[in-house]
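Quick note: the coordinates plus some simple rules give every number you see, no bench work behind them. On a predicted model such as this, the values are computed, not experimentally measured, just so you know. Backbone-built Cβ (ideal geometry, glycine too); neighbour counts: all protein chains shown.
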Amino acid sequence: MPSKDFFSNKRLQLIVISVFVFLMYARTISYEYIGLDDTTLIQTNYKFIKNLNNIPEAFKHHVMYVNKNFDKEKDYYRPMLTLSFMLDANIAGNTKPRWFHFANLLYHLTACLLLFTLLNKLKVNSIASFLFTLLFAVHPVVDQAVAWIPGRNDMLLAIFVLSSFIYLLKYLESKNIKDLVWHSVFFGFALFTKENGIVLPILFLFYFKFISKEDFKTLWYKFGLGYAAFILPWFFLRKMALAGSITDNSMHTALSNLLNNAPFILQYIGKAVLPFNLSVMCMIEDVNYLQVVIALVLIAAMIFFSKNKRWSYVLFGIAWFVIFLAPSFSARLVEGLEHRLYVPIIGFIILAAETDWMKKLSKDNKKLWIVPSAYILVLLFITNNRLELFKNQFNFNLSAMQTSQYSVVPCVNLAGDYEIANKKDQAIEMYKIAMKRDSVYNIIHPSNKVSYYSVLHDNLGVIYLGRNQYKEAEHEFLLGSKSGDAYSIYHLANVYSKTNRIEEAAELWKKVLTLQPDQPDFKDVYLRLANYSKSKGDTAAFNNYVQQFKKLGY
């Protein structure tokens, strides 16, 4: 028998894709943490994730639940992400990032292989399926998911979504109940990975109605039972896990947020087609509308000039892109992270597969290969050069600060990096840049409650306090304490104490304990007030503060 050519040999193509992905991202294995949730989820929470007996607890708590505390302003329910960290912690046996990065590479490879499998199941041109998989593997908007450890959540979502879709197609071919069960199970995994998984039944209903033309009336109860078996426990477990969150999750707020965040969707369309103007932490105001217009024109032209397109697949691809982005924008956002495009961009790939250009790819007409091959090479070049910004915390924060004119967070983080490196002057300058950005952001978005005003002034004051520049420190802490920030008040009290204004310091220490009596960072306040009471001859107050100090376990 004659040997198969490369594009008829699926196994060989999978091997080439695997080698390609490993060569592309192998260096990320040596990368450090970048300080954006990864240290909290792994290093701070290591005792929890190392204990496999905590697996049930992963379904009962917010993903940022650490030492019985979690960020009440966020509402991230990510059990599968926590389980993945548990697996890594038990394999690695330590908190060094090397294995966690290697696992991310494996997840990306798995998603690539599943995409290749799905495209073949959808009967996409064999050459196009291979090229599209390479395109997905190296697209600059997916590198953040691969190189940033918590970015794996979107890769896990992709793995479960693609697996669920593949088993759906298998079931429609075979009507084997096992395929239907696996379809439902992977849907459940997707749902417990990220809230975006809830849109899958809508997407599959679209597929049933306009593509497969199956009689859904005879199948709805089978699929309905499978979906309900996971949606109901997910709903109640998520509600329990997020109890105490102060985030408004009402339908009215979600729709309002979606409207306010619409420019982010435009920005992501531009970056998906023309991956320039990239930023690991962009703001709504960073959108390049020219880039968006060109991208939309290119998409429209591809569709318009393709005579053999199937409108059902074109619309399915567009629906895939929009429907997986929409849930992210229903929440109140400040920064836009590009890893959110990891799953949606598959929709554009499905759409592009319907163009005549990709359908006509063949071994005999190599001219048609030039544009898609050149496009992939450009993506490879961009990603290869861009990966270094994920190498460490400083690189990441510096890039985030330089590529967004409005983002405050990377300025704060970069200032912290300078402080650690004992470059105080650079830290002060960076805090001042952050203050300017924060004031501009509050003018643009007066209704947005997110402001770093108190944090910035408090952090800057701490630097001045460390330099014994008490006048400058007092000025910053007074500004920071205007909103009742406990840390600014605490530090202001310390300035008063150091400048022999003990009466004023004592009043502020009392205020700190009123605001946050259980905060470990303020445990010394009890002893300071005890000593103050002792100096005043107030034995009762002295005993009370000492007793409270001991009661809290200090």
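By the equivalent-ellipsoid construction on the alpha carbon gyration tensor, region 233-319 comes out with semi-axes of 33, 20, 11 Å, ordered largest to smallest. Across the chain, C-alpha contacts under 8 Å between residues 6 or more apart give a mean separation that, scaled by the residue count, equals a relative contact order of 13 percent. Place +1 on the Cβ of every Lys and Arg and -1 on the Cβ of every Asp and Glu in the chain, take the dipole about the Cα centre, and give the residue among Met24, Met302, Ala228 whose Cα lies farthest towards its positive end. Toward the positive end, the furthest listed residue is Ala228.
Taking other Cβ within 10 Å of each residue's Cβ, how do Met86, Met430 sort, fewest first?
Fewest to most other Cβ atoms nearby, the residues stand as Met86, Met430.
Legend: residue pairs Lys60/Lys178; Lys309/Lys359; Lys96/Lys424, Cα-Cα distance threshold 19 Å; pairs beyond threshold, Lys60/Lys178; Lys96/Lys424.
So how do Leu479, Leu552 line up by other beta-carbon neighbours within 10 Å, fewest first? Intermediate values should be presented prior to the final figure.
Values: Leu479 20, Leu552 13.
With the fewest neighbours first, Leu479, Leu552 line up as Leu552, Leu479.
Taking every C-alpha pair closer than 8 Å and separated by at least 6 residues, the mean separation divided by the residue count of region 166-291 gives a relative contact order of 17 percent.
Estimated from helices alone, the mean residue ellipticity of the chain at 222 nm is -20500 deg cm²/dmol (sum of -39500 (n - 2.57) over DSSP H runs with n ≥ 4, per residue). Taking max minus min of the alpha-carbon positions on each principal axis, region 90-155 gives extents of 45, 23, 15 Å, largest first.
This ranking places Thr40, Thr218 by how few other beta-carbon atoms lie within 10 Å of each, fewest first, which gives Thr218, Thr40. Annotation for region 207-278 versus region 117-156: alpha-carbon center distance of 21 Å. Only alpha carbons enter this Debye calculation for region 305-433, each as an equal point scatterer, and the log10 of I(q)/I(0) it gives at q = 0.11, 0.12, 0.17 Å⁻¹ is -0.63, -0.71, -1.01.
The residues packed around Ala421, meaning those with a beta-carbon under 15 Å from its beta-carbon, carry a net charge of -3 if Lys and Arg are +1 and Asp and Glu are -1. Dividing the convex hull volume of the alpha carbon atoms of the chain by its residue count gives 174 Å³ per residue.
Please list log₁₀ I(q)/I(0) at q = 0.14, 0.18 Å⁻¹ for region 90-236, using the Debye equation with identical point scatterers on the alpha-carbon positions. At q = 0.14, 0.18 Å⁻¹ the computed log10 ratios are -0.75, -1.12. The aspartates and glutamates within cross-link reach of Lys363, meaning a Cα-to-Cα straight distance under 12 Å and a gap of 8 or more places when in the same chain, are Asp5. Across all directions, the average projected area of the convex hull around the alpha carbons of region 452-551 is 6.1 nm². Across region 207-221, computed HN-Hα scalar couplings (Karplus, 6.51 cos²θ - 1.76 cosθ + 1.60, θ = phi - 60°) run 5, 4, 6, 10, 10, 6, 6, 6, 7, 5, 4, 8, 10, 4, 5 Hz from first to last residue, x flagging Gly and Pro.
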